[in-house]
Amino acid sequence: MSIGKTIYLFLLGVCCALALNRRNSGPGLRVMPYLFFASFATEIIVLIFFNLLHKPYLWIYHLYIPIEFSLYSIYFLLVTQSAFQRRIIQLAVVAFILVSLSYSWKVNFEGFPGLIYNLEGLFLIWWSITQLFTINISMDVPIIRLPVFWICFGILLFHSGIFFVNFVYNHLSVNRVGLAKQLNQLIITNLNCLLYIFFVVAFLCPIRMKKSI
Amino acid sequence: MSYSDEEIYLAAVSTATLMVFLAGVVGFAIFKYQQRLQIHLREIAEMKAAYESELLRSQLEMQEQTLQTVGRELHDNLGQVLSLMKINLNTLPDGLEGKTAEKLGRTKDLLNRAIADLRGLSKSLNAENRLKAGLPTAIGHELDAVRKTGVVDVTLGVRGTEQRLDPRQELILFRIVQETLNNALKHAQAKNIAVSLEYSVGALNLTVADDGVGFDLAQVLPPTGGEQGSGLSNIQNRARLIGAEARIRSAAGQGTVTTLSIPISHPTA
């Protein structure tokens, strides 16, 4: 296992621990433990199937992506003030699950569902931008002290960064295996590390706010 | 589906551009949040100031009503009792002699003085009544009362043509002068107090100066306000309430000068 992957799994573990410890820190954060444990379980399954059993493992992403999207959607439902935005999120979740499962059924749960992951990314980028511009100002707190800022910022960077990899990953993993591995290491793993660093910061924000009060 | 190297390169550049663009969006979101936060903080500060101003106004109105009630009660009840006592004493037979007559004479003098003091106090408490004749006259009466104590010499100077202010402004200015005189008498050990009113076009400058012991302003009136300088803070808060600016200058051993500047929006003679 590469150093990047090890760091990523370590950060994911830290997030799980923080999320469990701080699940009552604020609206939205209570859903994050489920997201982190789903990610952690997925990575473990991938490690077992890929490294130990040497069997196909990409099918797990066909199941993980709808779960991840649903959990992110619950997060945005909890932090969004606008009733209209909440309605859109609710409709998007239903539509996304139907589209995602239809696609997976069509491809027999084979290959990486890059298109579906990009569809998720587009929704999350949209909601993150909307959320960043409508954060409720109820206290004299700079934006960088708010967990929602770091979570939205992380989502924006991660999903915009992996956009192109998702499109070409299936093609590269068959035709140019070396490049696919490099991109996986260089972009996906590193962006994952960045995303979970941002999540760690998000969970530390309420602690810092309490101390500063 | 297959991709050429150029297409992959183009996709990578597009992704990098997208990331940079979204980072810019985040920067803009931070900027907008800071703007909204500043507006929010300004609104809170304005609400707080309005609340404090309203609270102070209510306190002053309550205080004024209480003083008026006390003044009226003193005049109507205690004043009547003292007047009756005087009548009764005057109806005593004239045939008293020696120490008894002397004691009776002294009692009548004391009673006359008590009645005069009571009237003065009653008028002083009922400032609205006193202010009917104008601010300089009301301050003049107040200074007369101080002069009668014989402790300090007082002078009143009026420059310019008297212009009437809003009744509420005059009332608060009068109360500030009373508070300042009270401070000079109680704490300053002053020998001389000079009050001056300077009317100019659209403004009134009111100055109360004493030659007392003075004080270190920084110690008595800390920047954050607080209990220590509550009397001086009261003066400044009351002045702010009527749109006046209060400046207090003092130093140990060099007396105190309190200056109030108030704009007169609709001057009337």
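Among the residues of segment B:174-192, count how many are among the β-branched types (Val, Ile, Thr) and over 18 Å from B:Thr155 (Cβ atoms). Residues that pass the stated criteria total 1. Yes or no: B:Glu46 out of contact with any Ser or Thr (no Cβ under 9 Å at 6 or more places or on another chain), under 24 Å from B:Glu142 (Cα atoms) and acidic (Asp, Glu)? Spelling it out, it is not the case that B:Glu46 is out of contact with any Ser or Thr (no Cβ under 9 Å at 6 or more places or on another chain), under 24 Å from B:Glu142 (Cα atoms) and acidic (Asp, Glu).
Just one of the listed residues (A:Ile48, A:Ile135, A:Ile116) is surrounded by 15 or more Cβ atoms within 10 Å (Cβ to Cβ) and in a helix (DSSP H, G or I), and it is A:Ile116.
Among the numbered conditions (1) more than 10 Å from chain B (Cβ to nearest Cβ); (2) in contact (Cβ under 8 Å) with a residue 40 or more places away in the chain; (3) under 22 Å from A:Leu63 (Cβ atoms), the only one that A:Trp105 does not meet is (2).
Entry remark, segment A:66-90: residues being more than 13 Å from A:Phe36 (Cα to Cα), assigned to a helix (DSSP H, G or I) and among the β-branched types (Val, Ile, Thr) number 4 in total. Restricting to segment B:44-66, name every residue that is surrounded by fewer than 11 Cβ atoms within 10 Å (Cβ to Cβ) and more than 19 Å from B:Gly231 (Cα to Cα). Once the filter is applied, which keeps residues that are surrounded by fewer than 11 Cβ atoms within 10 Å (Cβ to Cβ) and more than 19 Å from B:Gly231 (Cα to Cα), segment B:44-66 yields B:Ala45, B:Glu46, B:Met47, B:Lys48, B:Ala50, B:Tyr51, B:Gln65. Residue count for segment A:156-182 satisfying the condition of being more than 7 Å from chain B (Cβ to nearest Cβ) and open to solvent by less than 40 Å² (accessible area, probe 1.4 Å): 8. Across segment B:8-37, the number of residues qualifying as facing chain A (nearest Cβ under 7 Å), of a type in the set (Ser, Thr, Tyr) and surrounded by fewer than 17 Cβ atoms within 10 Å (Cβ to Cβ) comes to 1. Taking the numbered list (1) under 30 Å from B:Ala239 (Cβ atoms); (2) within 13 Å of another protein chain (Cβ to nearest Cβ) in turn, B:Leu67 passes all entries but (2). In segment A:80-99, the residue that is farthest from A:Asn136 (Cα to Cα) out of those that are open to solvent by less than 70 Å² (accessible area, probe 1.4 Å) and in contact (Cβ under 8 Å) with a residue 40 or more places away in the chain is A:Gln85. Inspect segment A:202-212 for any residue being open to solvent by 50 Å² or more (accessible area, probe 1.4 Å), at pLDDT 90 or above and more than 12 Å from chain B (Cβ to nearest Cβ) and give the result as yes or no. No, the conditions are met nowhere in segment A:202-212. On inspection, A:Ser102 does not qualify as assigned to a loop (DSSP other than H, G, I, E, B) and surrounded by fewer than 16 Cβ atoms within 10 Å (Cβ to Cβ).
Residues of segment A:140-155 that are facing chain B (nearest Cβ under 7 Å) and crowded, with 22+ Cβ neighbours inside 10 Å: A:Phe153 alone. Note on segment B:148-223: enclosed strands (runs of 3 or more DSSP E) holding 1 or more residues that are basic (Lys, Arg) and surrounded by fewer than 13 Cβ atoms within 10 Å (Cβ to Cβ) are B:153-159. Does B:Arg130 satisfy the condition of being in a helix (DSSP H, G or I), open to solvent by 80 Å² or more (accessible area, probe 1.4 Å) and either within 30 Å of B:Leu171 (Cα to Cα) or modelled with pLDDT under 85 (or both)? Spelling it out, it is not the case that B:Arg130 is in a helix (DSSP H, G or I), open to solvent by 80 Å² or more (accessible area, probe 1.4 Å) and either within 30 Å of B:Leu171 (Cα to Cα) or modelled with pLDDT under 85 (or both).
Please determine, by comparing only the residues of segment A:26-45 that are among the β-branched types (Val, Ile, Thr) and in contact with a helix residue (DSSP H, G or I) (Cβ under 8 Å, 6 or more places away or on another chain), which one is most open to solvent (accessible area, probe 1.4 Å). The extreme case among them is A:Ile45.
The values are calculated or read from the model by the stated rules, or taken from the named source; none is laboratory data. All figures in this text were calculated on a predicted structure; none of them were measured in a lab. Backbone-built Cβ (ideal geometry, glycine too); neighbour counts: all protein chains shown. Quick note on the areas: whole protein, heavy atoms, side chains included, nothing else; ligands and nucleic acids left out. Shrake-Rupley method; radii C 1.70, N 1.55, O 1.52, S 1.80 Å.
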